[in-house]
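To start, the structure itself, in structure tokens.
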């Protein structure tokens, strides 16, 4: 089977929820610089290339919610699906102190080619899934590194991000804080909204309820950890939606 820039789990599932994972993969397609951006295998396993552990959480959470899921199959270093097309970080030339050789001096034509190969098909598929139900709810899964190079340690095990729409985020934050054993961040380790990002495109623009969940990648290293987080989050997500009346 030929490579595609995304894969879908449970497309036939009828849940309101759609689980997304923009940074599920560290794959560089053969059509992009012969399948290499000039980084070592070790660097391609780092958080700069993808969100480690996020794909596993996405799969387990989709199962727990009996929901469809869409996951990218290309590295964020090829082109970042969670950025607007005019965002200067759409194709990163340096990330967390690491120069990306295959992106240095990239021109508009190559960015357009990567967009046509990866970014646009992913977002078309996501838009189709999001639009398959009028009452769709988006749950976006990401992970973050415990510490950027030269940065302060990040204490949060989980962060809930929100910007223009906090209808699900704020009650989910309350439930997580009430657990008593978690360090929970609100709009940590990042702010909750970028113009043109995936939530902006597929949730905010259509008024769809949504929540973006960031998990520190050292707490979702193993399949067991990923499954445990999914099992913990699924009933909370259901509860906040039920109580919201949305």
Counting only strands (runs of 3 or more DSSP E) wholly inside region 113-188, the ones holding at least 2 residues that are closer than 22 Å to residue 66 by Cα and touching a residue at least 24 places away in the same chain (Cβ under 8 Å) are 137-144
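Residues are listed down the side, and each one gets a yes or a no for (1) at pLDDT below 95; (2) touching a helix residue (DSSP H, G or I) at 6+ places or on another chain (Cβ under 9 Å); (3) at positive phi; (4) buried (at least 17 other Cβ atoms within 10 Å of the Cβ):
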site	(1), (2), (3), (4)
144	no, yes, no, yes
153	no, no, no, no
164	yes, yes, no, no
174	no, yes, no, no
Among (1) in contact with a helix residue (DSSP H, G or I) (Cβ under 7 Å, 6 or more places away or on another chain); (2) farther than 20 Å from residue 124 by Cα; (3) not in a helix (DSSP H, G or I), where does residue 61 come up short?
(3)
Picked from region 180-199 (must be in contact with a helix residue (DSSP H, G or I) (Cβ under 8 Å, 6 or more places away or on another chain) and closer than 24 Å to residue 231 by Cβ), the residue surrounded by the fewest Cβ atoms within 10 Å (Cβ to Cβ) is 182
Can you tell me which residues in region 100-112 are in a loop (DSSP other than H, G, I, E, B) and either over 14 Å from residue 80 (Cα atoms) or at pLDDT below 95 (or both)?
104, 105, 106, 107
How about region 12-58: which of its residues are out of contact with any helix residue (DSSP H, G or I) (no Cβ under 9 Å at 6 or more places or on another chain), within 30 Å of residue 105 (Cα to Cα) and in a loop (DSSP other than H, G, I, E, B)?
30, 40, 46, 48
I'd like to know if region 210-228 contains one or more residues that are modelled with pLDDT under 95, surrounded by fewer than 18 Cβ atoms within 10 Å (Cβ to Cβ) and within 17 Å of the chain's Cα centre (by Cα).
no
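The values are calculated or read from the model by the stated rules, or taken from the named source; none is laboratory data. These numbers were taken from a predicted model, which means no experiment stands behind them. Note: ideal-geometry Cβ built from the backbone for every residue, glycine included; neighbour counts use all protein chains shown.
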